[in-house]
Amino acid sequence: MTFVLKPLFFLGQKIVGAISGVGEIFCILFYTLRALPYAHKNVNLIVKQMVAIGVSSVPLLFVTSIFTGMVATVQADFQFRGLVSDKFVGTAACKMILIELGPLLTALVLAGRVGSALAAEIASMREKEELDAYAVLDLDPYRYLALPRFIAFFTMVPCLTIISNGLALLGGWIVSVLALDITTYTFYTGMQYLFQPMDLFAGVIKSFVFGVTIFLLGYYHGLNASAGARGVGLATKDVVVSSCLMILILDFVVAAILFQ
Amino acid sequence: MPNVKINPDDVMIKLRGLKKNFGSQSVLSDVNLDIRRGETMVIIGQSGVGKSVILKHMIGLLQPDEGEVTVDGITISTAKYFDTRTIRKKMGMLFQMGALFDSMDTGENIAFALREHHPELSEAEIQQQVTDKLKIINLVPEFRTKMPSELSGGMRKRVALARAIALSPEILLYDEPTTGLDPITSDVINDLILEMQSKLGVTSVVVTHDMVSAFKVADRIAMLYKGRIIEVGSVEEIKKTTNPFVKQFITGQRKIDSEN
């Protein structure tokens, strides 16, 4: 009997844990949004987070975006060569980068870089009782810790996505001209061909969703980290894994809604 | 020993039938304790017995599973959000590791709550208050620019104390104030606890297992053992106790007398 009940009990525990986790994530979102009217009083904290999350991520994104653009263009050329006009290399690269690769890779890179840092920071604050210190001083941690980070993620992830899109297209153009014998004019007209503003907007809309997702999971895993250095390590691992999974799932969901 | 007149009938903090479990582990089983206005009550007990848990109940960071916590006439164990905030404004807490905000310098740590709770104060007035608080803890104003990472353990606790008294609380809670400090620095902290009582007239609750500190700062001492307060008395009464568990603890014996 125990043999049958044990896995059921384990499964039940996991399901209840997952449901309460989702509930807690929505609570974090609710408490953070509740603090929104006070945002103007903490502009310095918001700017600080925007710099930490946005500006500091540009060098890393510079490298990943340029190479992503290059790979996308080389692959498009490899697949299309001899089948369609060179112009379509620019078309394919542009569509791929704006709709999928730009937002997705930016979000995945940021989940690794700033999502894990957020979880580690909150976990370490909790460990050192800094979160309790806010409460004891009658200061709302959601107003001073969560809200500036939420706003920074919400605004900076789309900005970084747009920058990443531009850099990836730049990488595509460089490799086209230098290695694929495609002229600037052909690549440029290819990019324009079949372009729809929705391609760009879809990517940006996705990036808003990804930004909020990384923030919520980073904050949640930081708050729920177990004690000690191992706890912080596990929290950072959990936020990267869960963010990557959620980003891929939400990418599909948003795309399905936008491109019906 | 402090020399402040205390009215035994004027109870500031009242704990009645306090019970708290963490999962299947029972930490507090039936805690009853009265803390008088203006006195320094020291709660002693072995590590992990639940002393800090009692402190966190007093300031509303934890809610009891059963029982009642009343602070200055307000029952905070069943308090509404508003009542908890009212009570917290009357209380300050010195955390075991200081819990200073790592991203802010010393001055900002002290000024932060002041600035948020007293928007009517000018920046000059806030800086004056920071200087005053630093003076109370015997630190020169130049310390305001030091980051928490640049401070020694003793300094961190002193700055944390300055932050705790920034809002002029009526009650101060000290969580292991001398743990991890050398005997001389511990004595500096003990003197500060006494000064807080004599200069600011605060009611203090000190949680410690450092008996030198307990005997120096206490008006009364309470011993927590297996989830209950087993003895409360003045320093002299505790020194002369016949309770074998209290005797064992204050003399630092591995076994109780009858077992020796």
- Query: What percent does the relative contact order of chain B come to when contacts are Cα pairs within less than 8 Å and at least six residues apart?
  - Reply: 26
- Note on the structure: With the 1.4 Å probe rolled over protein heavy atoms, chain B has an accessible area per residue in Å² of 45
- Message: If I take all pairs of Cα atoms in the protein assembly as shown, what percentage of them are more than 43 Å from each other?
- Response: 34
- Message: Could you report the buried accessible area between B and A, both sides summed, computed with a 1.4 Å probe and given in Å² to the nearest 100?
- Response: 1800
- Task: Would you jot down the residues in segment B:30-71 that end up with at least 20 Å² less accessible area in the complete protein assembly than in the chain alone, with a 1.4 Å probe?
- Result: B:56, B:61
- If you place +1 on the Cβ of every Lys and Arg and -1 on the Cβ of every Asp and Glu, how big does the dipole about the Cα centre of segment A:31-129 come out, in debye to the nearest 20? 260
- Query: How would A:143, A:230 rank on accessible area, largest to smallest, probe 1.4 Å?
  - Reply: A:230, A:143
- Item | Apportionment of accessible area to carbon and sulfur, segment B:147-260, percent (1.4 Å) | 52
- Task: Per residue of segment B:140-145, in order, report the coupling 6.51 cos²θ - 1.76 cosθ + 1.60 (Karplus, θ = phi - 60°) as ³J(HN,Hα) in whole Hz, putting x for Gly and Pro.
- Result: 6, x, 4, 5, 4, 8
- Query: Helix-derived [θ] at 222 nm for the protein assembly as shown: sum -39500 (n - 2.57) over DSSP H runs of at least 4, divide by residue count, nearest 500?
  - Reply: -18500 deg cm²/dmol
- Message: What distance in nm lies between label points placed 7 Å from Cα along the C-beta direction at residue A:194 and residue A:178?
- Response: 2.7
- Message: Can you give me the % of accessible surface on segment A:42-258 that is carbon or sulfur? Probe 1.4 Å, all protein chains present, nothing else counted.
- Response: 74
- Query: log₁₀ I(q)/I(0) of segment A:63-209 at q = 0.11, 0.14 Å⁻¹, via Debye over equal Cα point scatterers, no solvent, to two decimals?
  - Reply: -0.52, -0.69
- Item | Largest to smallest principal axis extent of the C-alpha atoms in chain A, angstrom | 65, 58, 35
- Item | Dipole moment magnitude, nearest 20 debye, the protein assembly as shown about Cα centre, only Lys, Arg, Asp, Glu C-beta charged | 580
- Item | For chain B, size of Cβ-based charge dipole, Lys and Arg +1, Asp and Glu -1, in debye | 420
- Label-reachable residues, segment B:33-68, where backbone N falls under 15 Å from a point 7 Å from residue B:230's Cα toward its Cβ: B:44-51
- Dipole axis of segment A:5-82 (+1 Lys, Arg; -1 Asp, Glu on Cβ), positive-most option in A:9, A:70, A:29: A:9
- Task: Read phi for every residue in segment A:236-248 and hand back ³J(HN,Hα) as whole Hz from Karplus 6.51 cos²θ - 1.76 cosθ + 1.60, θ = phi - 60°, with x for Gly and Pro.
- Result: 5, 5, 4, 5, 5, 5, 5, 5, 4, 4, 5, 4, 5
- Any chance you could check segment A:102-139 for residues losing 30 Å² or more of accessible area when the partner protein chains are in, compared with the chain on its own (1.4 Å probe)? A:128, A:129, A:130, A:132, A:133, A:134, A:135, A:136, A:137, A:138, A:139
- Task: Check the straight Cα-Cα distances from residue B:255 and name the lysines below 26 Å, setting aside those fewer than 8 residues away within the same chain.
- Result: B:51, B:216, B:226, B:239, B:240, B:247
- Note on the structure: Summing +1 per Lys or Arg and -1 per Asp or Glu among the other residues with Cβ less than 13 Å from residue A:188's Cβ gives 0
- Item | Sequence-separation-based contact order of segment A:42-258, relative, with Cα cut under 8 Å and 6+ spacing, percent | 36
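The values are calculated or read from the model by the stated rules, or taken from the named source; none is laboratory data. All values derive from a computational prediction rather than experimental measurement. Neighbour counts run over all protein chains shown; Cβ positions are idealised from the backbone, glycine included. For the accessible areas, the whole protein counts, side chains as well, though only heavy atoms, and no ligand, DNA or RNA atoms are used. Shrake-Rupley method; radii C 1.70, N 1.55, O 1.52, S 1.80 Å.
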